[in-house]
Amino acid sequence: MTMDRAPGLPALFAGQREAFAREPYPSLAVRLDRLARLRTLLERHGDHLAQAISADFGNRSLHETAIAETFIVLAAIAHTRRHLKRWMKARRVPTSFHSLPGTSRILPQPVGVVGVVSPWNYPLQLALAPMVAALAAGNRVLVKPSELTPGFAGLLAELVSGAFAPDEAAVVLGDADVGKAFVAQPFDHLFFTGSTAVGRQVALAAAAHLTPVTLELGGKSPALVDTGADLQEAAARIAAGKLFNAGQTCIAPDYVLLPRGQEEAFARAYRQAVLRMYPRLEENPDYTSIVNARHYQRLEGLVQDAQQRGARVLPIAPEGESADPARRKLRPAVLLEVAPDMAVMQEEIFGPLLPVLPYDRLDDAIAFVNARPRPLALYWFGHDAARRQAVLTRTVSGGVTVNDVLLHIAQENLPFGGAGESGIGAYHGEHGFRLFSKEKPVFIQSRLAGNALLRPPYGPATERVLRLLRKLV
């Protein structure tokens, strides 16, 4: 846990801090150049990074990496480069009438050295998307990738060291103890993506230095299928989002709420959708493996606990295909007759298991969601605008996609972040630029200022001015 587990980390951090002191406000040209180098890195080596991720997983769909990781980061870089000049400008804001004719502005200023702790499930996107925002805002960046994807992490460290000076951006490798040493550094902002439990530890470490934190966590994101929704379409879209990356997605639909009596029809539609997408599993490069044996066994344990406590588990697999546990390709499954106190409803699933729970009234579904920690995402399927508005206004979640899943994360003009136990802070696009900037307020006094009327010695003239000001507020 101590610094000797990461002997070069303090020097690396100090080098970035010194470099920032020499250049506390990088020009637009410098920032665009750093983003261009990151873009070139991805364009030249995206395939190699995808192959490294697949090797770490056992099998990770190369197309899923291209869609959800490489493309997302390249789109973020393109969006940022198009708008960065405007984002960097000082914004003039109205000045209180009693301070006229002075003027007020907000100047976005880099905060300094940013630390990024990224997870294993989307190791490329969740390391580099925060890095895009931090570099755009003019900061220096250190990234600590997960030790659970070591091949990817080692390759990323090599590529970043070839594209950036170590005092601009660098990758720190190591195990959980190195991670603890990393978050103990006095960063100017610390960005963490991972579990809620580890997020609490990160926040405690950051508190020692009063370091601002952004915590992108997780939780149980519900998919609420309302009356009048197209059940076939909802099932197909939920299946696509649930099984992307084999469910190892922080915003995957974790469970389904739907009107009582529709459970069997939904299960049939879901099964059909799964088999259309994955006519085979074991030899299918499109179906991703569970990242390691521990997580595979944890998911099997959730199934066993649910079965032992009365749930009906409906596995979905191509006919005649046997499972090889060594491949860690866990069979998708729908779980019916699930009780809220089962383990599968108590912890984030992070795998291809989908509990389905019925409700009698929309109020009951909303109450079910609100009785639990605030989710990172919520999905609503239906066509009634009033009922949609009820769900949007009476629940609190990190984000929402209506009549589909996952897609709010891909919108550069929408902030992405959690609420309550699912996270603190938000980024993407301009929201990420602002996150890693100090919005410095600047008041510029006029030569014609009248504030001398409110200086000592106070007397009758002061009272008259105060009476006038009170009438004007």
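The values are calculated or read from the model by the stated rules, or taken from the named source; none is laboratory data. Bear in mind that the values here come from a model prediction, so they are computed numbers and not experimental data. Cβ coordinates were reconstructed from backbone atoms using ideal geometry, including for glycine residues, and neighbour counts include every protein chain displayed. Accessible surface areas use protein heavy atoms only, side chains included; no ligands, DNA or RNA. Shrake-Rupley method; radii C 1.70, N 1.55, O 1.52, S 1.80 Å.
See the values below:
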| item | result |
| --- | --- |
| Where a residue in segment 44-59 is closer than 20 Å to Lys329 by Cβ and its partner, wherever it lies, is surrounded by 18 or more Cβ atoms within 10 Å (Cβ to Cβ) and charged (D, E, K, R), with Cβ under 7 Å and at least six apart | Ile53/Arg60; Ser54/Arg60; Gly58/Arg328 |
| All positions within segment 420-469 that are buried (at least 16 other Cβ atoms within 10 Å of the Cβ) and of a type in the set (Lys, Arg) | Arg434, Lys438 |
| Residue check, Ala246 in contact with a Leu (Cβ under 8 Å, 6 or more places away or on another chain) and closer than 16 Å to Pro352 by Cβ | yes |
| Residue satisfying condition, being closer than 23 Å to Ala163 by Cβ, assigned to a helix (DSSP H, G or I), open to solvent by less than 60 Å² (accessible area, probe 1.4 Å) and among the small types (Gly, Ala, Ser), within set Ala50, Ala55 | Ala50 |
| Residue identified as within 16 Å of the chain's Cα centre (by Cα) and at pLDDT 95 or above among Thr211, Thr193 | Thr193 |
| Any pair with Cβ under 8 angstrom, 6 or more apart, that starts in segment 429-442 at a residue that is over 14 Å from Leu35 (Cβ atoms) and ends at one that is in a strand (DSSP E or B) and of a type in the set (D, E, K, R) | Pro441/Arg105; Val442/Arg105 |
| Within segment 286-339, tally of residues that are free of Cβ contacts under 8 Å to residues at least 12 places away in the same chain and more than 30 Å from Ile53 (Cβ to Cβ) | 4 |
| Of the criteria (1) closer than 15 Å to Leu126 by Cβ; (2) crowded, with 19+ Cβ neighbours inside 10 Å, which one Ala410 fails | (2) |
| Criterion violated by Val111 - all others in (1) without any contact (Cβ under 8 Å) to a residue 60 or more places away in the chain; (2) over 19 Å from the mean Cα position of the chain (by Cα) satisfied | (1) |
| Options His98, His45, His63: the member that is at pLDDT below 95, open to solvent by 10 Å² or more (accessible area, probe 1.4 Å) and not in a loop (DSSP other than H, G, I, E, B) | His98 |
| Helices (runs of 4 or more DSSP H) within segment 181-284 that include 1 or more residues of a type in the set (D, E, K, R) and open to solvent by less than 10 Å² (accessible area, probe 1.4 Å) | 231-243 |
| Scope segment 422-456; condition outside any strand (DSSP E or B) and under 18 Å from Leu217 (Cα atoms); matching residues | Ser422, Gly425, His428, His431, Gly432, Leu435 |
| Evaluation of Leu148 against (1) of a type outside the set (Asp, Glu); (2) open to solvent by less than 30 Å² (accessible area, probe 1.4 Å); (3) part of a loop (DSSP other than H, G, I, E, B) (one fails), failing number | (2) |
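A quick yes/no check of all residues on (1) within 30 Å of Leu406 (Cβ to Cβ); (2) surrounded by 14 or more Cβ atoms within 10 Å (Cβ to Cβ); (3) modelled with pLDDT of 95 or more; (4) not hydrophobic (A, V, I, L, M, F, W, C):
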site: Ala14; (1), (2), (3), (4): no, no, yes, no
site: Phe20; (1), (2), (3), (4): no, yes, yes, no
site: Arg37; (1), (2), (3), (4): yes, yes, yes, yes
site: Leu41; (1), (2), (3), (4): yes, yes, yes, no
site: Glu69; (1), (2), (3), (4): yes, yes, yes, yes
site: Ile72; (1), (2), (3), (4): yes, yes, yes, no
site: Thr80; (1), (2), (3), (4): yes, yes, yes, yes
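For (1) touching a strand residue (DSSP E or B) at 6+ places or on another chain (Cβ under 6 Å); (2) modelled with pLDDT of 95 or more; (3) buried (at least 18 other Cβ atoms within 10 Å of the Cβ), each residue gets a yes or a no:
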| residue | (1), (2), (3) |
| --- | --- |
| Ala76 | no, yes, yes |
| Ser104 | yes, yes, no |
| Val117 | yes, yes, yes |
| Gly138 | yes, yes, yes |
